[in-house]
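Peer 1: Can you keep this structure in mind? I'll have questions shortly.
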Amino acid sequence: MNTNDARLTRYIKAVSRRLDLPRELRERVISDFSTTINARVESGESVDAVLSSLGSPKAAAAELNDQMKEYICRRSPWRFAFLALAVAGLVGTVIWFNVVVSVNVTVPHSVAVIGGADGPTSILVAAKGSPELEMAGWIALMLAGIAGFILMSMRRVKKK
C-alpha cells in the first residue's frame, strides 16, 4: 500500500466515523463513496485534487448526512443510565471493601424480634451476611452497568 492509498483509507474512515446512519446503510454509503473516489483517481485525477474537492472529512460527512437525513439515527439516551449504574456499582464496591472487608465486620442480613409488649423482648440475629457475597453483588452491578452502556452505545435510536 503506497502513501496515497493510506491517505485515501484514512480519509474514508474519518468520513465513516462521522456518519449518523445505521451500520448497514453507513457501510453501503461508504462503499459507494470509496468507489467514487477510486474511480476519480483511476481516471487520472490526483489524490490531492480529489481530497481537496471533497473538503475535510467533517464536511464530506455533513454533506452525506444531509443527503440521507431521513435515515439519520442518534445514540440511545439510555446509555447514560447504564453508565450511572456502573458508577454506582464501582462506588459501592469500593465503599463495601473499605468498610466491611478491611475492618472485618459481619453485617446481619435479617433480624427477628422475639417477645411482645407484656414480656421481655430480645433481638435475635437470624443470619450473618457474607462480605464477599455482598461485594460480588456490587461488582455484578458494576459489570451489568458497563455491559448495558456498551450495548446502548452500539444501538441507535431512529430520529423522528
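Read-outs: derived from the displayed coordinates by stated rules, not from any lab. Fair warning: this is a prediction, and the values are worked out from it, not measured in the lab. Every residue, glycine among them, receives a Cβ derived from its backbone with ideal geometry; neighbour counts consider all protein chains shown.
Peer 1: I'm trying to understand the selection: among the residues of the range 1-39, which are aliphatic (A, V, I, L, M) and either farther than 14 Å from Leu64 by Cα or touching a Leu at 6+ places or on another chain (Cβ under 9 Å) (or both)?
Peer 2: Met1, Ala6, Leu8, Val15, Leu19, Leu21, Leu25, Val29, Ile30, Ile37, Ala39
Peer 1: Ok, one more. Restricting the search to the range 16-57, which residues are under 18 Å from Ala6 (Cα atoms), exposed (fewer than 15 other Cβ atoms within 10 Å of the Cβ) and within 23 Å of the chain's Cα centre (by Cα)?
Peer 2: Arg17
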